[in-house]
Protein chains: 2
Amino acid sequence: MIKIIVDTLGGDNSPYADIDGALSALNAIGDAHITLVGNEEEITAYLNGKEYDKERLAVLDGKDVIGCNDKPTVAIREKKESSLYKSFELLKNGEDYNALVSTGSTGAILAGAVLKIGRIRGIKRPAFCPILPTMTGGIVSICDSGANVDCDATNLEQFAMMGNLFLQTAYNKENPKIALLNVGTEEEKGDLLRKEVFPLLKNNPELNFVGNMEARDLLSGDYDLIVCDGFSGNVLLKATEGACISLLTQLKGVFKKNLKTKLGALVIKKDLYKLKDYMDYNNYGGAVLLGTAKTIVKGHGSSKALSVFHCIKQAYNMEKNGIRDKISERVAPITNGEN
Amino acid sequence: MIKIIVDTLGGDNSPYADIDGALSALNAIGDAHITLVGNEEEITAYLNGKEYDKERLAVLDGKDVIGCNDKPTVAIREKKESSLYKSFELLKNGEDYNALVSTGSTGAILAGAVLKIGRIRGIKRPAFCPILPTMTGGIVSICDSGANVDCDATNLEQFAMMGNLFLQTAYNKENPKIALLNVGTEEEKGDLLRKEVFPLLKNNPELNFVGNMEARDLLSGDYDLIVCDGFSGNVLLKATEGACISLLTQLKGVFKKNLKTKLGALVIKKDLYKLKDYMDYNNYGGAVLLGTAKTIVKGHGSSKALSVFHCIKQAYNMEKNGIRDKISERVAPITNGEN
C-alpha cells in the first residue's frame, strides 16, 4: 500500500479539485491510500454520497490556509492549524506515509520539505522538476526549476541523476535523453558553471547525456530532461509559459475581432481547443521535489481535479518504483566528499 | 553626416537584403552616409539603375565570408579578405566612421568588437541589447542577452545604464521602465548576484527602476528594459522566441489539417498574418552592442531588407544622439574603481 497525503487547501480550486482528484486516483489505483487534509466538515460533507473505497481514505482536520502573503518559513513553523502544517507533521511522523501532494504555496511547501522532512542523506540540495508538453506530443522535464538559485557543479550533476530516476520511475522512460541548458550547443560554450558541469554529465555512466541545449529547443521533443541551475531553469520555464500564454491571448483577440473572424474561429474551434488542451500543463501533473526524505509533489496553483489526479499518480509511481532508495543508492554518493 | 558601414555578407538573405535595406535608409535619412562591404562587382551590378544619392554611398570590396563554421576569434584575425574583417578595419581606422551593421556571425561580430574596436573607457564589458515586440504593441529590450555569461554586480548596473541610454537615444523613450530579471517579484528574491544588484539599481539616480520581473512577464508591456546576466538573458530571449515559433507551427498544423480548417483559416488569414508580422522581431531592428568604442548593430541572421533598414536606423539614431559620449560620461564612472 502506498500512502499519500493530499492537502486540500491553498490552490485556486481547492478543496473540491483536490478531493475530486484524490477520489479519481483512489478509484484508478487499487493499492493507494489517501489522507485528505483540510476542513474536515467540508470534506466529509462533500464526500457524502460519493463512490469510493472507504477503507483507503482518511480525513485529517486542519482548517487554516497558508496563503501567498504568508512568509513561508514562518508560516510552516507557526500556523499549526493549517492544512500544510498538519500534512507535513503527518508525513514526518507517520512512518508508513510515503508522499504529499499540495497545490498550495510553493514557498511553504519548499520550506516544509527542507525544515520538516529533510534531504536524502548525501543529496546536497533538493530540486524541483516540473513537466511540460512538447510539440511532438511527448513531455520534457526541467531540473532544477527554481528550488536552488545558487548552484555548484555537484548540485547540477545530482539534479541530472535525480531527474533521470524520476523519468524512469514516474514515466517508465528507459533511457531519458538529458541535455544541459546552455547559450549554445557546442561543447565549449557557457559560463564557468556550465564548463565545469559538462564533463561531469558526459562522463557519468548512468546518464544518457546528449550535450548542450539552447532554450529555444525546449519544446522540440528532442530532449527528455533539461539540467540547469534553479535561476536559469526558472527563467526557462516561466519565459516559455509566458510566451505561450501571451500568444494564445493575442490569438483570442484575432478571433474575437469581428463577425467574420468569429465565424472563422468557430470552424476550427474544436481543433484549437485540442491545441489549448495539449498546451495546458495542468494535464501533465505537477513539479515533483526530488531529493527529499519523502516524496513531495507541488501541483500548479490553478490545478483542476485532473491535474491533482496526475500529481497523485506521479507520487504513486515514484514511490511504487522505489525512487527514494534509488536516489539514496545511486545519486547520493556523488557529493565530492561533502554532505 | 553619420557614416555607417553595412556588411553585405553572412546573413541568410545577403547581399540583396543588406543592399536594399541600405538604400531604403539612404533615402529615408538625409545625412546618412553608407559604405557597403562585400563582393564589389555583385554590389555594383545590383546598384545599377537603382535610385539613390550616389554622393552618400560607397562600396568596399571584401568577397570572403565568415560563416558559422569558422572559429570567430581566429576568423576575425585571419580571414583578411572577408567582408567583416574589412568592415572592422574600416570602422577602426576610418576616424569619421560611426557605426557598423552586420547580419553575419554573432561570434565574429563580438570578437571583432572586442579585439579590434575595444570598449569605451570605464565600461567593464560590452553587452548585447536586442528588441522584442510586446503584447501591447510596444517594444521591450533585454540587456545583456548573451555577450557575457559570467557577470558581477557592476556589470549589471552598467548594462542597466547603457540600456537606458539606448532606449533614450534610439527610441526617444524619456524614462524607460527598468526591471531586474529574477525568480520572483519580491525585493528579497534571487541568487547572490541579484541580491547585490537590486540595491545598486534601486539607488541609482539615473534609472527608473521598477523592481524585479519574472520571465513570464517579458512581453506584458509593463517594462521597457530587462537587466540580466548574459546567460539568463540568453535563456529568456531564446525561450520566448522558441515558444512563439513552436506555438505558431502547431497552429499552422491545425489550420492545414483538413478542408474545413483550411477554410476557417482562410477567413482569418489576414488577421493572422498581422499577428505573425507583429511577432516577427525582424521588424524591430537588431541587437545593438553597447559599450564599444564605436556603435555596432547585429541584425538577425534571417534579416530581410526591412530589418536591415531598422538596424541602420538604430545605429543612426544612437550616433545622432551621441550615445557613446553619454555612456562615457555617465556610465563609465560606475566601475567600482576598476576598469
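The values are calculated or read from the model by the stated rules, or taken from the named source; none is laboratory data. Keep in mind the model is a prediction, meaning the values are calculated, not measured. Neighbour counts are summed over all protein chains in view; Cβ atoms, including those assigned to glycine, are modelled from backbone coordinates with ideal geometry.
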For this session: Could you tell me which of the residues B:Asp217, B:Asp224 is buried (at least 17 other Cβ atoms within 10 Å of the Cβ), in contact with a strand residue (DSSP E or B) (Cβ under 9 Å, 6 or more places away or on another chain) and either facing chain A (nearest Cβ under 7 Å) or aliphatic (A, V, I, L, M) (or both)?
Result: B:Asp217
Exercise. Does A:Thr136 fit the bill of being in contact with a strand residue (DSSP E or B) (Cβ under 9 Å, 6 or more places away or on another chain) and hydroxyl-bearing (Ser, Thr, Tyr)?
Worked result: no
Exercise. If you check B:Lys262, B:Lys304, B:Lys276, which single one turns out to be more than 13 Å from chain A (Cβ to nearest Cβ) and either more than 30 Å from B:Ala332 (Cα to Cα) or surrounded by 18 or more Cβ atoms within 10 Å (Cβ to Cβ) (or both)?
Worked result: B:Lys304
Exercise. Within the stretch A:246-259, how many residues turn out to be within 27 Å of A:Asp144 (Cα to Cα) and at the interface with another protein chain (Cβ under 7 Å from one of its Cβ atoms)?
Worked result: 2
Exercise. In the stretch A:241-261, what residues are of a type in the set (Val, Ile, Thr) and at pLDDT below 85?
Worked result: A:Thr249, A:Val254, A:Thr261
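From the residues in the stretch B:184-242 that are of a type outside the set (D, E, K, R) and free of Cβ contacts under 8 Å to residues at least 24 places away in the same chain, which one is farthest from B:Ala160 (Cα to Cα)?
Filtering the stretch B:184-242 for residues that are of a type outside the set (D, E, K, R) and free of Cβ contacts under 8 Å to residues at least 24 places away in the same chain, the one farthest from B:Ala160 (Cα to Cα) comes out as B:Gly242.
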For this session: Kindly provide the set of residues from the stretch A:278-304 that are touching an Asp or Glu at 6+ places or on another chain (Cβ under 6 Å) and modelled with pLDDT under 95, ordered by number.
Result: A:Gly301, A:Ser302
Problem set entry | Every residue from the stretch A:202-214 that is surrounded by fewer than 24 Cβ atoms within 10 Å (Cβ to Cβ) and touching a Phe, Trp or Tyr at 6+ places or on another chain (Cβ under 9 Å) | A:Lys202, A:Asn203, A:Phe209, A:Val210, A:Gly211, A:Asn212
Exercise. Looking at the stretch A:99-111, is at least one residue part of a loop (DSSP other than H, G, I, E, B) and more than 14 Å from every other protein chain (Cβ to nearest Cβ)?
Worked result: yes
For this session: Return yes when B:Lys238 is at pLDDT 75 or above, more than 9 Å from every other protein chain (Cβ to nearest Cβ) and in a helix (DSSP H, G or I) and no when it is not.
Result: no
For this session: Taking B:Ser141 as the residue in question, decide whether it is touching a Leu at 6+ places or on another chain (Cβ under 7 Å), in contact (Cβ under 8 Å) with a residue 60 or more places away in the chain and under 25 Å from B:Lys202 (Cβ atoms).
Result: yes
Exercise. Out of (1) buried (at least 18 other Cβ atoms within 10 Å of the Cβ); (2) within 14 Å of chain B (Cβ to nearest Cβ), what's the single condition that is false for A:Asp150?
Worked result: (1)
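Yes/no matrix, rows are residues, columns are (1) under 24 Å from A:Asn93 (Cβ atoms); (2) in contact (Cβ under 8 Å) with a residue 40 or more places away in the chain:
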| position | (1), (2) |
| --- | --- |
| A:Ile4 | yes, yes |
| A:Asp20 | no, yes |
| A:Ala28 | no, yes |
| A:Gly49 | no, no |
| A:Tyr52 | no, no |
| A:Glu55 | yes, no |
| A:Gly62 | yes, yes |
| A:Ile66 | yes, yes |
Exercise. Looking at the stretch B:14-56, which of its residues are buried (at least 18 other Cβ atoms within 10 Å of the Cβ), under 23 Å from the mean Cα position of the chain (by Cα) and not in a helix (DSSP H, G or I)?
Worked result: B:Ser14, B:Pro15, B:Ile29, B:Ala32, B:His33, B:Ile34, B:Thr35, B:Leu36, B:Val37, B:Gly38
For this session: Give the residue, chosen from B:Thr106, B:Thr35, that is closer than 20 Å to B:Cys129 by Cβ and polar (S, T, N, Q).
Result: B:Thr106
Problem set entry | Of residues in the stretch A:241-272 being in a helix (DSSP H, G or I) and among the polar types (S, T, N, Q), the one nearest to B:Asn182 (Cα to Cα) | A:Ser246
